[in-house]
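A.B. asks: Below is a structure I'd like to ask you about.
Computed from the coordinates by the stated procedures, all read-outs in this text should not be read as laboratory data. Since this is a predicted model, take the numbers as computed values, not measurements. We place every Cβ from the backbone using ideal geometry, glycine too, and count neighbours over all the protein chains shown.
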Amino acid sequence: MSIYSAAITLVFVMDPLGNIPVFLSTLSHVESKRRYWVIFRESLFAFLILCAFLFFGDNILSGLGISQQALSISGGIILFLIAIKMIFPPEENSRHERKTAEPFIVPLAIPLIAGPSAIATVMLFASQSQHHLSDSLLSLIIASTVSTLILLIAPQLRRLLGQKGLIAIERLMGMILTAIAVQMFLSGLEKFFVLH
């Protein structure tokens with residue numbers, strides 16, 4: 001997977017457009033000037049967490065006895081489920097609960113940005129490019145930067161696109177992510193049958 005396609009996949013998985021309503025709701029009581037700092041701080045925490053899994057995820061997989069093929073197949077399934085949820089979102093989502101205290105790591109950094117799906121995706125990239133971790137790191141930096149910028153301009157995006165516009169874009173992203181997930185799943189199956 002190229003740096004470009006890996007970065008796009010990570011942006012889709014992080015789903016910054018889908019997180020805009022949650023971020024705005026969670027930070028609605030925070031002073032507007034401080035809101036930017038909170039978003040930047042939480043994005044940085046999420047980036048550091050994902051970096052840890054990028055560099056040490058392979059050791060975790062080895063310790064658990066999980067093969068690259070199993071991770072590729074399970075990663076494809078996870079991405080597919082995320083994509084389906086993006087295309088057909090549930091009507092009620094507990095993530096939208098309003099918080100009264102300023103968030104710290106939870107729920108913005110984890111699980112909204114660096115959720116289980118993003119962690120699994122980063123670990124998958126690490127296992128696929130063990131000798132080119134710098135490429136995976138660059139993809140993660142690009143994806144994190146794009147995600148952070150989108151969240152920083154969230155109020156302007158909501159005014160510009162409206163709620164329906166954000167939903168439409170998120171569903172389009174979900175459709176693209178579906179294709180990426182199926183390809184990842186098929187690649188894992190192909191490697192499995194070649195080895196066996």
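A.B. asks: Quick one: net charge of residue 177's neighbours, Cβ under 14 Å, K/R +1, D/E -1?
C.D. replies: Net charge around residue 177: 0.
A.B. asks: Hey, another quick one. Which value, in debye to the nearest 20, describes the size of the charge dipole of the stretch 3-195 about its Cα centre when Lys and Arg Cβ atoms bear +1, Asp and Glu Cβ atoms bear -1, and nothing else is charged? It would help to have the intermediate numbers written out before the result.
C.D. replies: Values: 13 positive and 11 negative charges, 114 e Å.
With Lys and Arg at +1 and Asp and Glu at -1, about 540 debye.
A.B. asks: Could you give me the radius of gyration and the Dmax of the stretch 3-195, taking only the C-alpha atoms into account and expressing both in angstrom?
C.D. replies: 16.9, 56
A.B. asks: By Kyte-Doolittle mean hydropathy of at least 1.6 and Cα axial length of at least 20 Å, which whole DSSP H helices of the chain are selected?
C.D. replies: Passing helices, by number: 68-87, 133-152.
A.B. asks: Taking the alpha-carbon centroid of each part, what is the distance from the stretch 111-167 to the stretch 1-29 in angstrom?
C.D. replies: Distance between centres, Cα-based: 5 Å.
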